[in-house]
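The numbers here are math on the coordinates, done by the rules we state, and not lab data. These figures come from a predicted structure and were not determined experimentally. So basically every Cβ, Gly included, is an ideal-geometry build from the backbone, and we count neighbours across all protein chains shown.
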Amino acid sequence: MLRHDYSQLPVMTNDRDVKGIVSWESIGSRLALRKQPINAVRECMKEHYEVLSTDSLFRVIGHIIEHSYVLVRGDDKTITGIVTTADLSAQFQQLSEPFLLLSEIENHVRLVIDGKFTADELASAKDTADPERIIESVADLTLGEYIRLLENPANWEKTGLTVDRKVFVRELDNVRRIRNDVMHFDPDGITPEDHQLLRHFLQFMHELREIAGKL
């Protein structure tokens, strides 16, 4: 368990028959309660908990949280794997981090634009396919409209940014593309490359703000 960083190990006679499970918790409790040395795995074994591979993840989350794991039994009755609380945490991070990165990036872009333009100038960047929408502040613009606003060299000058406008707009358009995938719940999710692009662009925005604060 130490060698492979396992928190639990099922005790099995074959790939279908589970006798129980050994965990650091079960080992620790047995060591605390016994005066005699532990000589066999069965002395640290506890009842195991399992779910079917066809079960809804949402239905079994409570069991995973309660027991720290569940064994997964496949259609052919074999044990096909284990799902742990660590797996849930990793999956949550994978699903939620793009939303958090995009939100922070948009906040930084708003700060770049905020207070630099009149309401009419902001409205000039509005999507022509949405004429009824009222634009009163930078918060009323979409990410695509930020790009449209900043593509204009005269508007770019007003931001006070000294980085290359075309490079900034191109990278922001990549962020917009990724945002569309995330917000439309693309079943494939975003690629590791897109994930890294969001992280790098957010770091870039942090650095821009830090430099601007020192000027």
TODO: Quickly estimate the mean residue ellipticity at 222 nm for the chain, helices only: each DSSP H run with n ≥ 4 gives -39500 (n - 2.57), and the total goes over all residues, rounded to 500.
DONE: -17000 deg cm²/dmol
- [ ] Taking the Cβ of each residue in Ser89, Ser53, Ser68 as the centre, tally the other Cβ atoms inside 10 Å and list the residues starting with the fewest.
- [x] Ser89, Ser53, Ser68
Task: Partner lysines for Lys158 [C-alpha distance under 30 Å; skip if fewer than 8 residues away on the same chain] - done: Lys116, Lys126, Lys166, Lys214
TODO: Taking the Cα centre of the chain as origin, sum charge times position over the Cβ atoms of Lys and Arg (+1) and Asp and Glu (-1), and report the length of that vector in debye to the nearest 20.
DONE: 1040
- [ ] Write out the trypsin sites (Lys or Arg not before Pro) in segment 1-73 meeting two conditions: DSSP loop, and at most 12 other Cβ atoms within 10 Å of their Cβ.
- [x] Arg3, Arg16, Arg34, Lys35
Open item on the list: Looking at segment 28-174 only, what percent of DSSP beta bridges run antiparallel? Nearest 5 please.
Closed with: 60
Open item on the list: Below 18 Å, Cα to Cα, which aspartates and glutamates can Lys35 reach? Residues fewer than 8 away in the same chain don't count.
Closed with: Glu25, Glu43
Task: Partners for Lys19 among lysines (Cα-Cα distance below 21 Å; same-chain residues under 8 apart left out) - done: Lys46, Lys77
TODO: Mind grabbing the base-10 log of I(q)/I(0) for the chain at q = 0.08 Å⁻¹? Debye formula, identical points on the C-alpha positions, no solvent, two decimal places.
DONE: -0.52
Task: Coil-residue GluC sites (Glu not before Pro) of segment 86-194, DSSP, other Cβ within 10 Å capped at 11 - done: Glu132, Glu136
TODO: Could you tell me what fraction of 2.2 N^0.38 Å the Cα radius of gyration of segment 113-202 comes to, as a two-decimal ratio?
DONE: 1.18
Task: Over segment 8-87, equivalent-ellipsoid semi-axes from the Cα gyration tensor in Å - done: 26, 16, 7
